[in-house]
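Written below as structure tokens is the structure these notes are about.
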Amino acid sequence: MSERKIDTKCVQGGYTPKNGEPRQIPIIQSTTFKYDTSEDMGKLFDLEASGYFYTRLQNPTNDYVAAKICELEGGTAAMLTSSGQAASFFSVFNIASAGDHIVSSSTIYGGTYNLFAVTMKRMGIEFTFVKPDCSDEELNAAFRSNTKAVFGETIANPALAVLDIERFANAAHSHGVPLIIDNTFATPVNCRPIEWGADIVIHSTTKYMDGHGAGVGGCIVDSGKFDWTKYPDKFPGLCTPDESYHGITYTEKFGLAGAFITKATAQLMRDFGSIQSPQNAFLLNLGLESLHLRVKKHCENGLAVAKFLKNHPKVSWVTFPSLEGDKYYSLAQKYLPNGSCGVVSFGVSGGRAAAEKFMKSLRLAAIETHVADARTCCLHPASATHRQMNDRELAAAGISPDLVRFSCGIESSDDLIADIAQALEKV
Ligand SMILES: *Cc1c(COP(=O)(O)O)cnc(C)c1O
């Protein structure tokens, strides 16, 4: 059968019931699974047979949903995690240990930056941050002999910078390491990083994939394309026997298609236990069933709002990758031709106080730290998440005091624009 379209994969991917089985994915609300003999269970423990024995490692509901996201991204294997943070951590820690080094784009989600620059640094892993639009010379100069991966976001949250995925993939591969892409904001509906050379794709499913503000979650997808066995000294965890798993060598036993995700499940999920609950996986799947419809509407609303703001006298600047004239417009046209996301950043003329007044005057858009929800939400960092900082400290963090991050939901764009217009009038 020919490859199905993304819309069909959103609705039907990952789970095909057999004769008489439930049409919707069943929630397997069970911590453990029963076996007839100890030998049967022993085979599972030895990774000799596939099956379930304890939900901390794997659960059928989670696997149906992971398989759907795997199909959406065009990968060979995938796993759900309890959050996007856990996905980011596992994706890097699966191939890097104390004494290793990672090259990362500097415009990444704040939580990921803190994970890398503070917490993982304490674990002995060093990070070099490069600007997404750095020169090839600067990018290549960031690599060291102990570099194990390159990390970036398709559309950076909250900077809305679009990464030149192909360029970063080429640089990573020329240095013998994989490219890990956080595809949370674009979603596979708008961009499939594996098609541009990315090796591992991760998500905070909390955002557009869930899309209803219902459950925190994450996902890791492996393309199966990176040949770890070409660099056995660099990736010993994948290419030499795992003594904590009866001497299994992941690349030998599971091939390139399965080695990365099996290792992350068998070691990291076993030891850190950042599993998603089957209930949340079920809710995530309901979100995925309409992802293609919602993302289209989020993008349409984002563009309509960005265009309105661009022409408003009380707005000093607008950032939206799909808006003509934006710094990242040409990269967005290449990687995100059907739309980028629903998040628009802009400055209210008059600075911090004007932005605060604007926020107070909104009626439809809710003030939240969240983004990518069906309901429009927005944040003024200078008076909320970053309120302890003065204007100079804010500038150092790359946030201007007038910045409002506006996450367009899937309501009518007429109503969103009317709300923004009446709030700007009060400024
Ligand atoms: C929110 C977010 C994360 C973290 O995900 P959680 O599910 O909140 O842990 C990671 N990356 C991006 C781009 C995000 O927007």
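The values are calculated or read from the model by the stated rules, or taken from the named source; none is laboratory data. For clarity, every value in this text was computed on a predicted model and none was experimentally measured. Backbone-built Cβ (ideal geometry, glycine too); neighbour counts: all protein chains shown. Just so you know, the surface numbers come from the protein's heavy atoms only, side chains and all, with ligands and any DNA or RNA stripped out. Shrake-Rupley method; radii C 1.70, N 1.55, O 1.52, S 1.80 Å.
Summary table below
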{"item": "Helices (runs of 4 or more DSSP H) lying entirely in region 69-143 (those with 1 or more residues that are of a type in the set (A, V, I, L, M), within 16 Å of the ligand (Cβ to nearest atom) and under 16 Å from residue 265 (Cα atoms))", "result": "84-93"}
{"item": "Flag for residue 322 being over 27 Å from residue 166 (Cβ atoms) and outside the structural domain of residue 156 (by TED's automatic domain parsing)", "result": "no"}
{"item": "Residue 332 vs. criteria crowded, with 24+ Cβ neighbours inside 10 Å, in a helix (DSSP H, G or I) and in the same structural domain as residue 167 (by TED's automatic domain parsing)", "result": "no"}
{"item": "The lone exception for residue 196 - which of (1) touching a residue at least 60 places away in the same chain (Cβ under 8 Å); (2) within 28 Å of residue 404 (Cβ to Cβ); (3) open to solvent by 50 Å² or more (accessible area, probe 1.4 Å); (4) among the hydrophobic types (A, V, I, L, M, F, W, C) it fails", "result": "(2)"}
{"item": "Which listed residue is within 24 Å of the chain's Cα centre (by Cα) and at positive phi, from 397, 332, 372", "result": "372"}
{"item": "Those residues of region 221-250 which are open to solvent by 20 Å² or more (accessible area, probe 1.4 Å) and closer than 29 Å to residue 196 by Cα, in sequence order", "result": "225, 227, 229, 230, 231, 232, 233, 234, 236, 237, 239"}
{"item": "Failed criterion for residue 361 (all others in (1) closer than 21 Å to residue 189 by Cβ; (2) touching a residue at least 40 places away in the same chain (Cβ under 8 Å) hold)", "result": "(1)"}
{"item": "Qualifying positions in region 404-420 - open to solvent by less than 40 Å² (accessible area, probe 1.4 Å) and polar (S, T, N, Q)", "result": "407, 413"}
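Table: residues versus (1) free of Cβ contacts under 8 Å to residues at least 60 places away in the same chain; (2) more than 21 Å from the chain's Cα centre (by Cα).
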| position | (1), (2) |
| --- | --- |
| 167 | yes, no |
| 179 | yes, no |
| 192 | no, no |
| 218 | no, no |
| 224 | no, no |
| 229 | yes, yes |
